[in-house]
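**Q** I am attaching a structure below and will ask some questions about it afterwards.
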Amino acid sequence: MKTPIVAVLCGGTSREREVSLRSGANVAAAAASLYPTVLCRVDTEAIPAGLDPKTHVVLSTLHGTFGEDGGMQRLLEAAGFAYSGCDAAASAVTMDKSETKARSAKVGVPVIEGVVFDAAEAPLAAELSAKLGRDVVIKPNNEGSSVGLKLCSGVDEIAAALKALTPGRWLAERRIRGIELTVGILDGRAMGVVEIAPKTGVYDYTNKYTKGNTEYFAPARIAPGAASAVQRFGEAVFAACGCRDMGRADFLLTAEGQPYFLEINTLPGMTDTSLLPLSARCIGLGYRELVGELIAPALRRFQQQQTLSIHGQG
């Protein structure tokens, strides 16, 4: 049975396109040292031309809408491609922050109190403050990479943020201060916990993707019990949302040692400043080895399809 060509998808149509282009280039370079590989730039909401499910397996590095919300996954499934990462159903669930939080809470994972709403029917600032407190975080319900994140202190700032909302679903949460943590999940098992320490401000889009703006500690400088709790909760969220292959779960750890789940990313960034490779490094997986682990599920699915096809013909 011949080895398929690995097609690495990058780019996409979301606001995270530039990050995806960087992730894809890095992943394709590593994958090419392991398997025949092509890097495919996605410019429209379609599978790139020239890909064949009988010849290619897919590893997507698309972030945000269409890439991470089940859009591309639905197209790949309909066309019969073997691919790595969450299926369309789990991708749609995890892109919805409020649905993900609800599922996580059901399995005992601590989540931050919040309110989800449509921009056209936003609550009054005074109502949000009364429910969530003076300090509030407002963010899109269906975006990643800290896109659109707003930190508000006091009714006036909340009101200004609500007035400036773009159309769509939004999530407001009580702002809890603490240590920002993340943990990579590989095949359902948590890897190392990484501590995120922005040099100034918060871990927003700029600090996330600008080299030198943030320090990372892998493993995190936290008590072993707290690290174990984060790993356990990360695995629980992964399972509750029906995820497969890989993901990355983000948490806040309070001064009292209480971790709160924030969100899970099913196609985590793979740039030079990305966190999944740091988490993997904690358990002895280098970047190239990690990419190999990410490709492996697609290869298994491809082989299963080929076996079924042969038996079907027989």
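**Q** Give PRO259, PRO224 a once-over and let me know the one that is more than 24 Å from PHE66 (Cα to Cα) and exposed (fewer than 15 other Cβ atoms within 10 Å of the Cβ).
**A** Of the residues listed, the single one that is more than 24 Å from PHE66 (Cα to Cα) and exposed (fewer than 15 other Cβ atoms within 10 Å of the Cβ) is PRO224.
**Q** Go through the stretch 80-103 and give me each residue that's of a type in the set (A, V, I, L, M, F, W, C) and either part of a loop (DSSP other than H, G, I, E, B) or touching a helix residue (DSSP H, G or I) at 6+ places or on another chain (Cβ under 7 Å) (or both). Write out each step before concluding.
**A** Let us first name the residues in the stretch 80-103 that are of a type in the set (A, V, I, L, M, F, W, C), namely 81-82, 86, 88-90, 92-93, 95, 102.
Hits for the stretch 80-103 are PHE81, ALA82, CYS86, ALA88, VAL93.
**Q** Under 6 Å between Cβ atoms, at least 6 apart or on separate chains: pull out the pairs that start in the stretch 48-70 with a residue that is in contact (Cβ under 8 Å) with a residue 12 or more places away in the chain and end on any residue that is buried (at least 23 other Cβ atoms within 10 Å of the Cβ) and of a type in the set (D, E, K, R).
**A** Hits for this filter: HIS63/GLU16; GLY64/GLU16.
**Q** Counting only residues that are under 20 Å from the mean Cα position of the chain (by Cα) and among the hydrophobic types (A, V, I, L, M, F, W, C), which one in the stretch 108-132 is surrounded by the most Cβ atoms within 10 Å (Cβ to Cβ)?
**A** Of everything passing the filter in the stretch 108-132, VAL109 is surrounded by the most Cβ atoms within 10 Å (Cβ to Cβ).
**Q** How about the stretch 1-48: which of its residues are of a type in the set (A, V, I, L, M, F, W, C) and over 28 Å from ILE310 (Cβ atoms)?
**A** Hits for the stretch 1-48 are CYS10, VAL19, LEU21, ALA25, VAL27, ALA28, ALA29, ALA30, ALA32, LEU39, VAL42, ALA46.
**Q** Next question. Please count how many residues of the stretch 289-303 are out of contact with any strand residue (DSSP E or B) (no Cβ under 7 Å at 6 or more places or on another chain) and either within 24 Å of GLU16 (Cβ to Cβ) or crowded, with 19+ Cβ neighbours inside 10 Å (or both).
**A** Going residue by residue through the stretch 289-303, those that are out of contact with any strand residue (DSSP E or B) (no Cβ under 7 Å at 6 or more places or on another chain) are 289-292, 296-297, 300, 303.
Restricting the remaining residues to those that are either within 24 Å of GLU16 (Cβ to Cβ) or crowded, with 19+ Cβ neighbours inside 10 Å (or both) gives 290-291, 297.
The qualifying residues number 3.
**Q** Could you check the stretch 135-186 and list, in sequence order, the residues that are more than 14 Å from ALA119 (Cα to Cα), part of a strand (DSSP E or B) and of a type outside the set (D, E, K, R)?
**A** Hits for the stretch 135-186 are VAL136, VAL137, LEU151, CYS152, SER153, ILE179, LEU181, THR182, VAL183, GLY184, ILE185, LEU186.
**Q** From THR65, THR3, THR37, which residue is closer than 15 Å to GLY292 by Cα and at pLDDT below 95?
**A** THR3
**Q** Do we have any residue at all in the stretch 13-22 that's of a type outside the set (Ser, Thr, Tyr), in a loop (DSSP other than H, G, I, E, B), in contact (Cβ under 8 Å) with a residue 12 or more places away in the chain and out of contact with any Cys (no Cβ under 6 Å at 6 or more places or on another chain)?
**A** Within the stretch 13-22, one or more residues are of a type outside the set (Ser, Thr, Tyr), in a loop (DSSP other than H, G, I, E, B), in contact (Cβ under 8 Å) with a residue 12 or more places away in the chain and out of contact with any Cys (no Cβ under 6 Å at 6 or more places or on another chain).
**Q** Which condition from (1) in a helix (DSSP H, G or I); (2) in contact (Cβ under 8 Å) with a residue 12 or more places away in the chain; (3) over 13 Å from the mean Cα position of the chain (by Cα) is the one that TYR35 breaks?
**A** Every condition holds for TYR35 apart from (1).
The values are calculated or read from the model by the stated rules, or taken from the named source; none is laboratory data. The structure displayed is predicted, hence computed values, not measured ones. Reconstructed Cβ throughout: ideal geometry from the backbone, glycine too, with neighbour counts over all protein chains shown.
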